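Have a look at the structure below, then the notes.
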Amino acid sequence: MNRSVMKWLMLAVGAGAAFGVSAQEAEVMVEAAAEVASGISTAELAYALDTFYFLVSGAFVMWMAAGFSMLEAGLVRSKNTVEILTKNVALFATACIMYLLIGYNFMYTEAGMYFPGLDLILSMEDHAADVVNAGGEDAPYYSSLSDFFFQVVFVATAMSIVSGAVAERMKLWAFLGFAVIMTGFIYPIQGMWSWGGGFLGETFGYSDYAGSGIVHLCGAAAALALVILVGPRKGKYAADGRVNPIPGANLPLAALGMFILWMGWFGFNGGSELAVASVDSANNVARVFVNTNMAASGGLLAALLMAKFRFGKADLTMAINGALAGLVAITADPLSPSAGLATLIGVVGGVLVFVSILFLDKLKIDDPVGAISVHGTVGIWGVLAVLLANGDATFTGQLVGIAVIFGWTFGTTLIVGLIFKAIMGLRVTEEEEAEGVDIVECGMEAYPEFKQG
Amino acid sequence: MNRSVMKWLMLAVGAGAAFGVSAQEAEVMVEAAAEVASGISTAELAYALDTFYFLVSGAFVMWMAAGFSMLEAGLVRSKNTVEILTKNVALFATACIMYLLIGYNFMYTEAGMYFPGLDLILSMEDHAADVVNAGGEDAPYYSSLSDFFFQVVFVATAMSIVSGAVAERMKLWAFLGFAVIMTGFIYPIQGMWSWGGGFLGETFGYSDYAGSGIVHLCGAAAALALVILVGPRKGKYAADGRVNPIPGANLPLAALGMFILWMGWFGFNGGSELAVASVDSANNVARVFVNTNMAASGGLLAALLMAKFRFGKADLTMAINGALAGLVAITADPLSPSAGLATLIGVVGGVLVFVSILFLDKLKIDDPVGAISVHGTVGIWGVLAVLLANGDATFTGQLVGIAVIFGWTFGTTLIVGLIFKAIMGLRVTEEEEAEGVDIVECGMEAYPEFKQG
Amino acid sequence: MNRSVMKWLMLAVGAGAAFGVSAQEAEVMVEAAAEVASGISTAELAYALDTFYFLVSGAFVMWMAAGFSMLEAGLVRSKNTVEILTKNVALFATACIMYLLIGYNFMYTEAGMYFPGLDLILSMEDHAADVVNAGGEDAPYYSSLSDFFFQVVFVATAMSIVSGAVAERMKLWAFLGFAVIMTGFIYPIQGMWSWGGGFLGETFGYSDYAGSGIVHLCGAAAALALVILVGPRKGKYAADGRVNPIPGANLPLAALGMFILWMGWFGFNGGSELAVASVDSANNVARVFVNTNMAASGGLLAALLMAKFRFGKADLTMAINGALAGLVAITADPLSPSAGLATLIGVVGGVLVFVSILFLDKLKIDDPVGAISVHGTVGIWGVLAVLLANGDATFTGQLVGIAVIFGWTFGTTLIVGLIFKAIMGLRVTEEEEAEGVDIVECGMEAYPEFKQG
């Protein structure tokens, strides 16, 4: 309560006094009024709780960077492990810096309908002054820095998707060069179209709660463009059309990565409600947690059973990708479905990722970790699944969203990739690939003491 | 504050006006009153904070699934690593789905004194309407979905205990089949007896804050029954009575698993206060955090010193199991003891787990990760340790609780296990066990490139 | 709102009644007043939120213990991996118990200007009674147990720094013996000088938000003293002055450790605001999160680029140490700088850690994981960097702080180390070092099945 409340309280006390309230009683009342007035208001507490919720969610999403790193480090060969780790840690740092310098402003502060303004100087003000408007519809009700923190870890997620798909052959510095462009420009501009008030949301009503399209499909589209440019790994596709599986070197790491991503997704989706400090928001966040968890469970079991029925084996890497597919599938709308429907959305994601991984191999699109299937194929499914339970979404809107996000990201990545190819080359030499990129790029081995079989 | 408060405020303002308050001042007062009335009430904020606390706690407990996975993956041989990972990821998904479909309803919604009603259709409603009762004793004061999320990760914990004990020889699909029964029926029904208002709590006053008995002893009892059915691993017990240690393949993973479990336990125990949004609750949760941490510390050092004195070596796996034992020991009452007593409860847990692991080997009960000792032996100790500081618990009540939980879980598991044995067999063949279950069940290796010594 | 508010409300209702408010309306008003009075006050909610924030932050910092364990386990050779893990898990437990018994009292409860009182009996009371003072400047506004929990994980952090530096040769039990002294006496006494109201803060105005000096430099100073006493690892420095790199056995673990530490640091720095339940506090915590993240990003890229330019290779271990350096650098003041300045403070940290690691090798100070450079060299930089944006800090104050913390910790560690050396020896024998300390100290191998190349 603020000063005007206090003033009113004191006036009322005066009124009461006229009715024979003793001086002593009046004093008690004034003290009580003063105490209330000096305390924190519920609007301020809600601001604090929302900010804290945002920061915890952001920390969980940041943790996903570790998940992608472990997943990818587990699924590549040991001779390419240090390099994929280096790409992952460096892309996270790059994403943070580029989004601070350019991306956040492009996406939110200088957002337009189609292209952002060009004010690159970041000025992040806290919205303390806006707290009194907390009840209002569009007023900021949490620290804008907490919003930046939450958003920046999303950028890194989009970029992490790419690293897995081009693993074991793309040059480290070309990759990081592309990361600069992706996190500073490609991602934020399309992000602005939906979340920054741009045309996808405003004109087409494209609906994407936490980014099945905006984050995951975007990352996968960039991955696909680069995979096409760099080509498959040596030895993956035999001349006779057979696909040689190239198993990952350390599957416990891959399983750990899945668990980290699963946990981090509670921040990714749960934080995307953007508020928790009201009964409705709290109920929504709880529903998002439950649905996120159920979709992952559904996806995992679906992919595991698909593999069992098709291969006769309980393929762990398929189960892992199934869980991630379930998570991607529910991300575009973890709020509207019931828990049962969320499970089914995940199940479909798990089936799709299985089919997609086999299909891409038929097309000789070599994606060592299955990232394009998990985030692209299933990302599209997630965007469409919004239509199952969310009456506000339209088929047209979702389709336009998919087309625009994919088209923009794929197209710009292709152009940027070709430029990098011309300048410095995208792929290591055949000899370097055979030797492993760890020694070539990083000068060290991931497991120098373990004899390779 | 709600509409009636606002009405009252406006009336009071009217009263004030009669005492010569100017029109301008009256306007200020009405504005203030409106602002207060439009804001969120403290009851609503408490609802939001409790829900958020619940969800964060649940995310921490979900993380324990990763802890069990890493612990078990580190303590088995490399040829059985993929399979134990597959079991762990799949049992988590299975637990979530079965608890959604059946278990939660059995345990809470349709709970009875002895057996639940048979309404299997899940209907989880949010309790927004009950917020006004937030001050009441038994009113729900957080989202019921957040409660579901918190409870479901407990089921998975109970099931995770089993996977470690039967590692390296139990068939994957028989295990997952049992997981369906365990998480849908066996666990929820006995859970209902204590936490769902059933006879253990109501009639016998059985006291178990976060589940030393209800979760950990339950998991261990099921594990013991299955271990007896599947028998020890080939080569573990020599004909002359000697015990051959079978060292785990990757100890850093086991240590990581311990840390993950330790961290997750802050959610497991800390969340079991079920509320944080009052001074008393907040103090209680803080005490639970401190006691949980101290018990783990005590258990770790006790087991480490036991090993040093007995074996002359600082046995890391014993230290890990000691920490987990400390955590299990304090789980039945992390609230009543002082921090010092909590440490001692953990110390006793650490000593007991050491003794129990050696003793079970004498009985030729082969438990590759020590799960029965950690969760069973020490689970019993935890239930009894409640008597040390909690005046509400009775020796009879605790003893009946132990007997009922153990008897029910062990008995039903034995029956279900025998049925599975008859239908599909519980154990892989000798040749498959020698080759390793990874290739047999999952068709892949955990570390395909590392030469096995 | 409390009883006096309720009384006042009823009086006001009485006053309103005199103005012709109907009996029915009066009843509604009384009900409303009662409801408000029975609810929780905003001060109590703030207490709960602050406590919860503290506990979550503490859990994140506890998680850093896993980070140090993984980092160090990844950077040592496989024959010394179990032992470094054992040291890490045991030091955490030791730190918790010593800080409970002695350290916390020394640092806070019995704190003096120079030396603490000698009351070793821990009495941790909750400050529920102080809640009404929540508005006051110095009143405790959260559970004191949550404060203990947050502080205790800091002690463990300081101690974790030491274990890495003396890895692969210091005796396990001598190390743990030192841990007892460090966590019970050396750390808490100097901590008291700054955070417990002692002379560093009071007399010299030494400013250190979350402990670049108090935690990190302290740990590094102890590490340096012990490294000097135990000497370099066999074979690290050739007779001709060349430095033989001794690569770590498992780099994915090291990268995982970095991510865990990065995540945990959000609790370490973010929790050091000590409050979140107001608009200002929430904004501050958000700023701390952002700056912590940016400094890590800056440090990582700076060290990676330094390595690329100097060695021609993207050295992953340098990148990891760069990120940690950025985190250490910002820890003394993550609140005052802008996000851009925080990035630059991290960049300087990343450059410094690179230079320092090479320089210490020239001095034949053998630090297998670079802990002295990360936490010591960069800790000093962090303390000085406070001057860049925080007008309250003085050059003299910061310099005195550095000198006192370093001098005290280095000096006492040297003395304690010499005593341990005399009693039991600090270093394993040459044969034991060649064989690896895992077998000698722990009787087991980290990776028994992987053939060593």
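Where a number appears in this text, it was derived from the coordinates with a stated rule and is not lab data. These figures come from a predicted structure and were not determined experimentally. So basically every Cβ, Gly included, is an ideal-geometry build from the backbone, and we count neighbours across all protein chains shown.
A few remarks follow.
- Counting other Cβ atoms within 10 Å as a rough exposure proxy, the listed residues A:TYR114, C:TYR142, B:TYR237 run A:TYR114, B:TYR237, C:TYR142 from fewest neighbours to most.
- Residue mean of other protein chain beta carbons inside 10 Å, C:293-304: 5
- Using the Cβ-Cβ distance between B:TYR114 and B:ALA403 with R0 set to 22 Å, the FRET efficiency from 1/(1 + (r/R0)^6) comes to roughly 0.90.
- Label distances, nm, A:PHE199 versus same residue in remaining copies, Cβ-directed 7 Å point: 7.1, 7.1
- Spacing of the modelled spin labels on B:ASN244 and B:SER338, each 7 Å from Cα toward Cβ, amounts to 5.1 nm.
- Across the identical copies, how the C:PHE115 labels are spaced - nm, sorted shortest first, 7 Å along Cα→Cβ: 7.2, 7.2
- Estimated FRET transfer efficiency (C:ILE423, A:TRP173; beta-carbon r; R0 51 Å; 0.05): 0.45
- Interchain or long-range residues, amide H under 5 Å from A:GLN452's placed H: B:LYS451
- Nearest 10 degrees, 0 to 90: helix A:172-181 Cα axis against chain A principal axis: 40
- Our estimate of slack between C:VAL355 and C:PHE311, defined as 0.36 nm per intervening residue step minus the Cα-Cα distance, is 14.6 nm.
- Karplus-derived 3J(HN,Hα), 6.51/-1.76/1.60, for each residue of the stretch A:218-231, Hz, glycine and proline x: 4, x, 5, 5, 5, 4, 4, 4, 5, 4, 5, 5, 7, x
- The stretch A:197-207 - phi-based ³J(HN,Hα) in whole Hz, Karplus 6.51/-1.76/1.60, Gly and Pro as x: x, x, 5, 4, x, 5, 7, 9, x, 4, 10
- Distance between the modelled labels on A:ILE439 and A:GLU202, one decimal in nanometres: 5.7 nm (7 Å Cα→Cβ projection).
- Rounded tilt (10° steps) of A:316-331 against the dominant C-alpha axis of chain A: 40
- Per-residue ³J(HN,Hα) for the stretch A:354-366, Karplus 6.51 cos²θ - 1.76 cosθ + 1.60, θ = phi - 60°, Hz, x for Gly and Pro: 4, 4, 5, 4, 5, 5, 4, 5, 4, 7, 6, 8, 8
- Signed unit charges on C-beta, dipole axis of the protein assembly as shown, positive-most listed residue B:LEU305, B:ASN244, C:MET70: B:ASN244
- The other copies place their A:SER338 label points at 5.4, 5.4 nm from this one, listed shortest first, where each point is 7 Å from Cα along Cα→Cβ.
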